[in-house]
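The values are calculated or read from the model by the stated rules, or taken from the named source; none is laboratory data. These numbers were taken from a predicted model, which means no experiment stands behind them. Note that we place each Cβ from the backbone using ideal geometry, even for glycine, and neighbour counts take in every protein chain shown.
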Amino acid sequence: MPASPLLCHVNLASDYRGGERQTQLLIEELAKRGYRQRLVARRNGKLAPRCSSVTGLEIVESASQPLAAAWAAHGADLLHAHEARGIYACWLAARLPRVPWLLTRRVDNPFKSSPLRDRAYRRASAVVGVSRTIAEQIQASYPGVRCTVIADAHADLASAHRTPEALRARFAGKTVVGHVGALDHAHKGQGTIIEMARLARDQHPQLHFVLVGDGRDETTFRASAAGLDNLEFTGFVDNIDDWLSVFDLFVFPSLHEGLGSTLLDAMSFGLPLVASNVGGIPDIVVDKVNGLLIEPERPEELLTAVLTLLQDDNLYASMRAANLSQADAYSPVAMADRYEALYRKLLRMR
């Protein structure tokens with residue numbers, strides 16, 4: 001194994017969503033451990049600027065084509081693909097000279113026929129899925145390919161956070177039911193939250209619903225929620241930790257989800273969780289232990305679950321304690337420990 005191996009992360013996404021945040025968290029934690037690292041990121045994308053202050057990180061901005069990214073990744077001792085285009089880039093870059101490479105899959109979308117992707121998955125030195133559901137999908141599509149499960153991490157937002165009193169005062173006398181995520185009903189199911197707010201408006205006026213984030217459905221959602229004085233949209237914010245700290249409960253009614261790393265942030269604040277029983281979410285939310293699982297696109301069921309938690313003090317307290325006790329298992333340190341062990345194994349095999 002090289003005395004000081006150069007690790008190269010490839011993420012060619014243009015936006016900054018969950019996978020890009022996880023890429024950044026891993027890079028930051030590995031930097032604390034003294035690793036030499038390179039990030040190949042999309043030119044004019046949002047990931048590279050967010051990583052610009054990481055100590056010892058070489059950032060190479062590339063065109064989005066895998067061949068260009070492969071050239072930018074050349075010379076590393078180990079390659080890590082964090083999204084789809086990065087897989088092809090790492091596969092190409094690893095061929096001459098032959099270096100170990102791994103891919104991480106974070107989405108639970110069904111695999112479509114692709115001979116090129118099939119070859120890449122089978123040639124990877126290691127394949128990682130962030131949940132059991134994703135690992136099972138990979139192994140069903142590629143029999144014989146061994147998949148390691150390494151969960152995503154929370155962003156460690158709660159460790160040194162202090163609740164902003166002005167924000168808390170805004171919700172005096174209210175119970176705040178919150179959600180954080182890109183506004184995209186086909187993925188995150190926030191239309192169900194709007195319908196829940198509509199159901200709750202008259203009979204449960206103490207409930208106030210907050211949707212944190214922006215996205216392609218924001219205009220549609222705002223129009224749909226017109227007249228609902230018990231629901232608000234924050235738009236894009238940089239202070240997600242402030243909002244999580246004033247929530248009393250976290251809802252996550254996704255239609256599909258690879259894992260749902262935002263749930264991990266809510267967990268780190270000790271928030272009881274109500275989430276859809278889909279994809280990798282049950283890896284995080286154990287029904288009646290640290291949250292309640294519901295079926296997606298059922299606003300009545302979602303509201304019933306919310307009220308069940310809020311009306312049972314003992315259940316609420318036990319779920320809060322369970323989440324606080326489990327949060328360390330999903331810290332950036334814990335995620336980096338697992339990847340570091342895998343990196344070391346692959347580097348020894350060179």
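Overview of results
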item	result
Near pairs, Cβ below 9 angstrom, 6+ apart or cross-chain, from the range 236-264 (in contact (Cβ under 8 Å) with a residue 40 or more places away in the chain and part of a helix (DSSP H, G or I)) to any residue that is acidic (Asp, Glu) and surrounded by 22 or more Cβ atoms within 10 Å (Cβ to Cβ)	Ile240/Asp265; Asp241/Asp265; Leu244/Asp265; Ser261/Asp152; Leu264/Asp152
Selection count where residues are surrounded by fewer than 16 Cβ atoms within 10 Å (Cβ to Cβ) and in contact (Cβ under 8 Å) with a residue 12 or more places away in the chain, scope the range 1-15	5
The listed residue being part of a loop (DSSP other than H, G, I, E, B), closer than 23 Å to Thr104 by Cα and touching a helix residue (DSSP H, G or I) at 6+ places or on another chain (Cβ under 8 Å), out of Gly279, Gly270	Gly279
Leading residue by the ranking (farthest from Leu26 (Cα to Cα)) among those in the range 330-346 that are of a type in the set (Gly, Ala, Ser) and in a helix (DSSP H, G or I)	Ala341
Filter result (surrounded by fewer than 18 Cβ atoms within 10 Å (Cβ to Cβ) and either in contact with a helix residue (DSSP H, G or I) (Cβ under 9 Å, 6 or more places away or on another chain) or among the charged types (D, E, K, R) (or both)) within the range 43-53	Arg43, Lys46, Arg50
Out of Ser325, Ser276, sole residue that is loosely packed, with under 15 Cβ neighbours inside 10 Å and either closer than 26 Å to Arg21 by Cβ or hydrophobic (A, V, I, L, M, F, W, C) (or both)	Ser325
Out of Val149, Val130, sole residue that is free of Cβ contacts under 8 Å to residues at least 60 places away in the same chain, farther than 20 Å from Leu271 by Cα and not assigned by TED's automatic domain parsing to the domain that holds Thr220	Val149
Top-ranked residue of the range 16-60 - restricted to ones that are in a loop (DSSP other than H, G, I, E, B) and touching a residue at least 60 places away in the same chain (Cβ under 8 Å), ranked as nearest to Asp184 (Cα to Cα)	Arg17
Some residue of the range 94-104 being assigned to a helix (DSSP H, G or I) and either modelled with pLDDT of 95 or more or buried (at least 22 other Cβ atoms within 10 Å of the Cβ) (or both)	no
Candidate set: the range 294-313, residues that are over 25 Å from the mean Cα position of the chain (by Cα) and either not assigned by TED's automatic domain parsing to the domain that holds Ile193 or not in a helix (DSSP H, G or I) (or both); chosen: the one surrounded by the fewest Cβ atoms within 10 Å (Cβ to Cβ)	Gln311
Complete set of residues in the range 236-273 that are in contact with a Pro (Cβ under 8 Å, 6 or more places away or on another chain) and under 21 Å from Gly191 (Cα atoms)	Leu249, Phe250, Pro253, Ser254, Leu255
Single unsatisfied condition, Pro143 versus (1) assigned by TED's automatic domain parsing to the domain that holds Glu28; (2) within 24 Å of the chain's Cα centre (by Cα)	(2)
Qualifying residue in the range 66-78 (condition: under 10 Å from Val40 (Cβ atoms), modelled with pLDDT of 95 or more and assigned to a loop (DSSP other than H, G, I, E, B))	yes
Subset of the range 26-83 [more than 19 Å from the chain's Cα centre (by Cα), basic (Lys, Arg) and closer than 14 Å to Ser14 by Cβ]	Arg42, Arg43
Index of the failed condition, Ala135 passing every other in (1) in contact with a Ser or Thr (Cβ under 9 Å, 6 or more places away or on another chain); (2) outside the structural domain of Glu29 (by TED's automatic domain parsing)	(2)
Condition met for Ser4 (over 20 Å from Arg95 (Cα atoms) and among the small types (Gly, Ala, Ser))	yes
Hits in the range 145-190 (condition: more than 23 Å from Arg21 (Cβ to Cβ) and among the polar types (S, T, N, Q))	Thr175
Unmet criterion (only one of (1) under 25 Å from Gly19 (Cα atoms); (2) in a loop (DSSP other than H, G, I, E, B); (3) not small (Gly, Ala, Ser)) for Val289	(1)
